[in-house]
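What follows is one structure encoded as structure tokens, with my remarks underneath.
The values are calculated or read from the model by the stated rules, or taken from the named source; none is laboratory data. This structure is a prediction, so every number in the text was calculated from the model and none was measured. No Cβ is skipped: glycine too gets one built from the backbone with ideal geometry, and neighbour counts run over all protein chains shown. Side chains are part of the model used for accessible areas, which takes the heavy atoms of the whole protein and leaves out ligands, DNA and RNA. Shrake-Rupley method; radii C 1.70, N 1.55, O 1.52, S 1.80 Å.
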Amino acid sequence: QVQLVESGGGLVQAGGSLRLSCTASVRTAGRYAMGWFRQAPGKERDFVATINRSGGTTDYADFVKGRFTISRDNAKNTVYLQMKSLKPEDTAVYYCAADKWGDGSSAANAYEYWGQGTQVTVSS
């Protein structure tokens, strides 16, 4: 069983930055692809970004390209989401997820393990 714990959410003004962290309870290097998703109130959970097992390949949703960066520190079993130029529409609960069988996917059902989420609120 993999436990994922997100941190780093909070309240920020539009145009500001935040860095989210997600730390796994097991070694993830070379074993799990990781992803970030988000869910705003009353909306479905949306793909944000993914990074493959080695950290060499990333993919992003169109609405965050150029603003968000996903990375991983395999020595710390941690994946990050650096968010810049935040907009009010980025307000959501952000979830970290781990995929044991694939190598990075935008599909939520590809991920077996999920964190509890961290709230990001962007004020205008």
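Determine the per residue accessible area of segment 1-108 with all protein chains present and a 1.4 angstrom probe, expressed in square angstrom.
Per-residue accessible area for segment 1-108 comes out at 49 Å².
Only four residue types carry charge here, +1 at the Cβ of Lys and Arg and -1 at the Cβ of Asp and Glu. Report the dipole size of segment 67-112 about the Cα centre in Debye, rounded to the nearest 20.
The dipole of segment 67-112 has a size of about 200 debye.
Carbon and sulfur atoms: what percent of the 1.4 Å accessible area of segment 1-67 do they account for?
44 percent
Each residue of segment 71-78 in turn: what ³J(HN,Hα) in whole Hz from Karplus with 6.51, -1.76, 1.60 and θ = phi - 60°, glycine and Pro shown as x?
Result, ordered by residue: 8, 9, 10, 5, 5, 9, 6, 10 Hz.
Given 0.36 nm per residue, what is the gain on full extension from A61 to K84 after removing their alpha carbon distance, in nm?
Answer, rounded to one decimal: 6.8 nm.
Extending each Cα 7 Å along its Cβ direction at S17 and N109, get the distance between those two points in nm, one decimal.
It works out to 3.8 nm between the two label points.
Under 22 Å between alpha carbons, and skipping anything fewer than 8 positions from K43 in its own chain: which lysines qualify?
K65, K87
Please give the length that would be gained between S71 and R45 if that part of the chain were fully extended, namely 0.36 nm times their separation in residues minus their C-alpha to C-alpha distance (nm, one decimal).
7.3 nm
Once you have the alpha carbon radius of gyration of the chain, what is it after dividing by 2.2 N^0.38 Å, with N set to its residue count?
Details: Rg = 13.2 Å, N = 124, 2.2 N^0.38 = 13.7 Å.
After normalising by residue count via 2.2 N^0.38 Å, the value is 0.96.
Quick one: which residues, 5 or more positions from L86 or on another chain, have an amide H under 5 Å from its amide H? H modelled 1.01 Å from N in the peptide plane, none for Pro or chain starts.
Hits under the 5 Å cutoff: G15, G16.
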